[in-house]
1. Size of the dipole of the chain about the Cα centre, Lys and Arg at +1 and Asp and Glu at -1 on the beta carbon, nothing else charged, in debye to 20?
2. Round to a whole number: what % of the accessible area of segment 1-51 belongs to carbon and sulfur, probe 1.4 Å?
3. Averaged per residue, what accessible area in Å² does the chain show with a 1.4 Å probe, protein chains only?
4. So what is the relative contact order for the chain, in percent, with contacts set as C-alpha pairs under 8 Å and at least six apart?
5. Given K79/K132; K2/K26; K60/K100; K26/K79, which pairs have Cα atoms separated by over 32 Å?
6. What label, among [x] 24.1, 74; [y] 17.5, 54; [z] 19.6, 57, belongs to Rg and Dmax of the Cα atoms in Å computed from the structure on display?
7. In straight Cα distance, which aspartates and glutamates are under 15 Å from K165, not counting same-chain residues fewer than 8 positions off?
8. Could you identify which residue out of A77, A54, A24 has the top mean-square fluctuation in a GNM of the chain using Cα springs shorter than 10 Å?
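The values are calculated or read from the model by the stated rules, or taken from the named source; none is laboratory data. This one's a predicted model, so the numbers in the text were calculated from it and none came from an experiment. Cβ placement follows ideal geometry from the backbone for every residue including glycine, while neighbour counts extend to all protein chains displayed. SASA here: full protein model, heavy atoms, side chains in, ligands and nucleic acids out. Shrake-Rupley method; radii C 1.70, N 1.55, O 1.52, S 1.80 Å.
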Amino acid sequence: MKLAARVTQVTPSMTLAIDTKAKAMKREGIDVISFSVGEPDFDTPAHIRAAAEAALEQGKTRYGAAAGEPRLREVIAQKLQRDNQLCYGAENILVTNGGKHSLFNLMLALIEPGDEVIIPAPYWVSYPEMVKLAGGTPVIVSTTLENGYKITPDQLRQAVTPRTKLFVFNSPSNPTGMVYTPDEVRAIADVVVEQDLLVVSDELLDLGHPESCSVQMSWQ
């Protein structure tokens, strides 16, 4: 079977390759701590399982709204207004099946063939692959230990070309864990406005805790 050419442009997941290797080593009796797949080390909490069972008993088994359940979107909007001072309404919220689903949808909605997307490195391995599948070109900007593995305003400005469409801003960072300070965010935002860039702000918080959450937004 001949697959679409775009599939051949995607690099196999290094995360899954490392996970497969770690599991094979464990089967051999080797003591391994794997830092590959971000999978929690606990079962789904009891109150969540109970809520799922109750929903099934109540007949909530039909198609839901494509953008997410209306009440859930309202609660998310209220949270963003209350805790983050972000004035979004439920109509501005989309609920997806996870961070990767959300980001891939954004890439497909924003990127045209030939568009460039700036991605600071180290980066989550899925970013460039999503860009390539959308027909774009990943532009990787290397960061340094001296700068705390954070892209500087000058680096961002120098990476911009007439074909730049999007900048991927990831804080807290996967995989370094670093977090940009408010002043650093403002300095980056100044360049974004100056260069008229679209930004995907990936604020993924994955701490292996039941209360961890992920919020992805696209803003200009």
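1. That gives the chain a dipole magnitude of about 700 debye.
2. The C+S portion of the solvent-accessible surface of segment 1-51 is 59 percent.
3. Per residue, the chain has an accessible area of 66 Å².
4. Relative CO of the chain lands at 16 percent.
5. From the list (K79/K132; K2/K26; K60/K100; K26/K79), the Cα-Cα distance tops 32 Å for K79/K132; K2/K26; K26/K79.
6. [z]
7. E112, D115, E116, E194, D196
8. The residue with the greatest mean-square fluctuation here is A54.
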